[in-house]
Amino acid sequence: MNKKLQVFISSTYVDLQEERQSAVQAILDAGHIPAGMELFRAGNNSQLEVVKKWIDESDVYMLILGGRYGSIEPVSQKSYTQLEYEYAISKGIPVFAVILSEKLLHKKAAMDTREEYFEKINCEKYSEFKELVLSKIVRFIDNIKDINIAVLSTLNDFEKNCNLKGWIKEEKEVIITDVLHKCYKCGKEEILPSSIDYEEQKGFDYLIKINQWHTVDAGEPGYGSVLDTFNLKFELCDECLEKFIDSFKFSNMIYGENYYDNENQT
């Protein structure tokens with residue numbers, strides 16, 4: 001029984017947008033549910049409380065750590081990203097981190113000189129936070145494509161953890177009952193299943209047989225008919241339905257008035 005894990009993604013925002021998008025896609029490709037994403041940028045207390053609720057409802061917490069420490073929460077003097085990470089740990093939620101290598105950070109900095117990719121103000125706090133992160137499950141990446149591999153391998157391990165609730169699709173039991181078909185005209189009877197499993201060959205065999213039974217339903221004529229009180233509904237087998245149709249010479253309406261005469265001549 002496959003379970004879908006809800007994975008909360010956390011990181012600094014502006015400098016890691018591409019990595020976040022890659023992580024979201026990797027989680028979706030793995031058949032799981034990304035949470036947080038771009039809706040919750042770490043940055044103020046009201047958003048932090050909302051983020052905590054999302055973390056509470058998630059099965060796994062994923063951190064993407066670049067070279068920036070992030071915005072500082074005034075009271076604790078820690079970054080909002082670090083507070084989220086520590087909160088997940090305090091709640092016993094499995095955490096793992098994808099850490100950008102120095103090589104990748106320098107590459108990003110060289111390609112985009114408008115953005116800062118290395119911490120310049122809170123270097124000591126960043127180092128302490130990174131040391132904490134390194135004490136847990138981490139994956140270093142040299143290329144953004146490595147995020148996909150890191151996510152797939154880590155979530156595969158987490159998915160096997162029976163302690164994670166996850167989202168499990170409810171399997172509804174399908175009850176197949178038998179239906180008795182009886183021809184009103186000749187009295188022929190046949191018992192067939194009410195529903196068909198098309199993945200099995202016998203399902204198609206049943207389909208052919210079921211299609212050989214026909215319900216004639218005239219309903220209640222209404223409009224002052226002498227048959228207003230009758231409900232004309234009955235079953236006919238293939239052979240009797242053919243004879244029933246022929247008795248009204250419906251084919252004359254389709255193929256012309258001389259259809260039956262021509263049939264008899266041949």
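Quick notes on this one:
- Which listed pairs, of Lys91/Lys120; Lys103/Lys125; Lys103/Lys136, have C-alpha distances above 28 Å, in listed order: Lys91/Lys120
- In terms of surrounding Cβ atoms within a 10 Å radius of their Cβ, Phe96, Phe140, Phe8 rank from fewest to most as Phe140, Phe96, Phe8.
- Rounded to 0.05, the FRET efficiency of the Lys185 and Asp29 pair, given R0 = 41 Å and the Cβ-Cβ distance, is 0.10.
- Region 47-105 shape via C-alpha gyration tensor axes, a/c threshold 1.5: oblate
- A simple spin-label model places pseudo-atoms 7 Å from Cα toward Cβ; at Lys4 and Ile210 they are separated by 2.9 nm.
- Where labels lie 7 Å past Cα in the beta-carbon direction, separation of Lys145 and Thr177 in nm: 5.7
- Three-way shape call for region 3-168 based on the alpha-carbon gyration tensor, with the a/c threshold at 1.5: oblate
Taken together, the values in this text are just the output of simple stated rules run on the coordinates, not laboratory data. Bear in mind the structure is a predicted one, so any value in this text is a computation, not a measurement. We place every Cβ from the backbone using ideal geometry, glycine too, and count neighbours over all the protein chains shown.
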